[in-house]
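Student: Sharing a structure below in structure tokens format, with a few things to ask.
The values are calculated or read from the model by the stated rules, or taken from the named source; none is laboratory data. Nothing here was measured: the structure is a model prediction, and the numbers come from that model. Positions of Cβ are generated from backbone atoms using ideal geometry, with glycine treated the same way; all protein chains shown enter the neighbour counts. Ligands, DNA and RNA are excluded from the accessible area calculation, which covers all protein heavy atoms including side chains. Shrake-Rupley method; radii C 1.70, N 1.55, O 1.52, S 1.80 Å.
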Amino acid sequence: QVQLKESGGGLVQAGGSLRLSCAASGRTFGIYAMGWFRQAPGKEREFVAGISRSGGTTNYSDSVKGRFTSSRDNAKNMVYLQMNSLKPEDTAVYYCNVWLKDSDSYVFRSYWGQGIQVTVSS
């Protein structure tokens, strides 16, 4: 089992920055890839950023590429999302996501945080 908790959200003006943090606890030794998703009102949840287990590989959606940066600190069981040059369309609930490998098989399971609100005003 693993538990995830996001922090660092809030209200910011367009052009500003925020850094989201996701703290993992529990069976953290089984965590592989981690990522961020978001969901705006009336829209489906969408992928934002992903990062490999080592942190050496990241990928981003086209809408945030060049503005957002994901990183992780495995020693602290943390993953981060640095958001710069924020736009009103970035307003959404942001969710931390991890993939956890079963210790006795090849099975990977996905876990989600509760989500945190990010609001960007114009």
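Student: Restricting to region 100-115, count the residues that are part of a loop (DSSP other than H, G, I, E, B) and touching a residue at least 60 places away in the same chain (Cβ under 8 Å).
Tutor: 5
Student: Then there's this: What's the number of the only condition in (1) at pLDDT 95 or above; (2) over 15 Å from G115 (Cα atoms); (3) open to solvent by 30 Å² or more (accessible area, probe 1.4 Å) that G26 fails to meet?
Tutor: Status for G26: all satisfied but (1).
Student: Name, by its number, the condition in (1) of a type in the set (V, I, T); (2) over 12 Å from V118 (Cα atoms); (3) touching a residue at least 12 places away in the same chain (Cβ under 8 Å) that does not hold for T57.
Tutor: For T57, the failing item is (3).
Student: Need the failing condition index for I31 against (1) within 14 Å of N97 (Cβ to Cβ); (2) open to solvent by 30 Å² or more (accessible area, probe 1.4 Å), just the number.
Tutor: (2)
Student: It is to be established whether one or more residues within region 92-100 are farther than 20 Å from G8 by Cα and open to solvent by 10 Å² or more (accessible area, probe 1.4 Å).
Tutor: yes
Student: Could you tell me whether A75 is open to solvent by 60 Å² or more (accessible area, probe 1.4 Å), among the aliphatic types (A, V, I, L, M) and more than 10 Å from the chain's Cα centre (by Cα)?
Tutor: Judged against the criteria, A75 is a match.
Student: Quick one: would you say W112 is surrounded by 15 or more Cβ atoms within 10 Å (Cβ to Cβ), out of contact with any Gly (no Cβ under 7 Å at 6 or more places or on another chain) and among the aromatic types (F, W, Y)?
Tutor: no
Student: Would you check if there is a residue in region 81-99 being farther than 26 Å from G16 by Cβ, in a loop (DSSP other than H, G, I, E, B) and out of contact with any Ser or Thr (no Cβ under 6 Å at 6 or more places or on another chain)?
Tutor: So far as region 81-99 goes, no, none of its residues is farther than 26 Å from G16 by Cβ, in a loop (DSSP other than H, G, I, E, B) and out of contact with any Ser or Thr (no Cβ under 6 Å at 6 or more places or on another chain).
Student: Return yes when R45 is more than 12 Å from the chain's Cα centre (by Cα), surrounded by 14 or more Cβ atoms within 10 Å (Cβ to Cβ) and touching a residue at least 24 places away in the same chain (Cβ under 8 Å) and no when it is not.
Tutor: yes
Student: Is it true that some residue in region 8-30 is among the polar types (S, T, N, Q), free of Cβ contacts under 8 Å to residues at least 60 places away in the same chain, within 16 Å of A75 (Cα to Cα) and not in a strand (DSSP E or B)?
Tutor: Yes, the conditions are met somewhere in region 8-30.
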